[in-house]
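Report on one structure; see the data block that follows.
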Amino acid sequence: MATRKVIETKQITRVFKNGDIEVHALKGIDLVIEEGEFVAIMGSSGSGKSTLLHIIGCLDRPTSGVYKLDGVQVNGLNKNELADIRNQKIGFIFQSYNLLSRTTALENVELPLVYDRTGRFSNTKEVAKKALVQVGLADRIYHKTNELSGGQQQSTVVKNK
Ligand SMILES: Nc1ncnc2c1ncn2[C@@H]1O[C@H](COP(=O)(O)OP(=O)(O)OP(=O)(O)O)[C@@H](O)[C@H]1O
Ligand SMILES: [Mg+2]
């Protein structure tokens, strides 16, 4: 069966520089993830998992090496192009949720649909409501994010994609 490479990294490195101190967090990572694969990245604390995921999620760039997402080389893209890719192709559940506080679950789910520049969503509120109902949050739609449980906030993040 023909498979499509969704994620491909070649010799990715990431060096953090703080003054004179350099931390080599990633030292030449080659990774291929094909369409339909579920992959878990495991390793000891400080081994570079979050650093790698931030690069794969287009939240950070490698110091050297090549990253291709859906066949597109991400390295050369500017800030706005990266923002579009994050909006349309990446779902990222942060350990600390990163939802907007003082706004409702509905507003958090609706926001990326409003920012979507493909014009796919004219009825953003309806789509967002439906998504929240799907994850069992029908009775929390108008709750502020700080009024949700940890799991409910994670469900909101999932549906924020
Ligand atoms: N902004 C930064 N500046 C300097 N060093 C950093 C920075 N971010 C991460 N590091 C270092 O890079 C290495 C990899 O960190 P990373 O957060 O990717 O690890 P991790 O595998 O996600 O760990 P954990 O399991 O504890 O979450 C660590 O040695 C860390 O101290
Ligand atoms: Mg981590």
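Please treat every number below as a calculation from the coordinates, not as lab data. Keep in mind that this is a model prediction, so the values were computed, not measured. Note that each Cβ is placed from the backbone with ideal geometry, even for glycine, and that neighbours are counted across all protein chains shown.
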For HIS143, residues with placed amide H under 5 Å, excluding near neighbours: ALA105, LEU106
Cut-off under 5 Å, modelled amide H: who pairs with SER64 long-range: THR13
Between 0 and 90°, nearest 10: helix 105-115 axis offset from the chain longest Cα axis: 60 degrees
Estimated FRET transfer efficiency (ASP20, ARG120; beta-carbon r; R0 45 Å; 0.05): 0.40
CD proxy at 222 nm, helix term only [per DSSP H run n ≥ 4: -39500 (n - 2.57); per residue of the chain; nearest 500]: -9500 deg cm²/dmol
Whole-angstrom Cα spans of the range 31-161 along principal axes, big to small: 46, 38, 28
Stokes-Einstein D (µm²/s) once Rh is taken as the Kirkwood radius of the range 5-89 over alpha-carbon pairs, at 10 °C in 1.306 mPa s: 117 µm²/s
Protection proxy ranking of 53-64, 119-130 - average other beta-carbon atoms within 10 Å, highest first: 53-64, 119-130
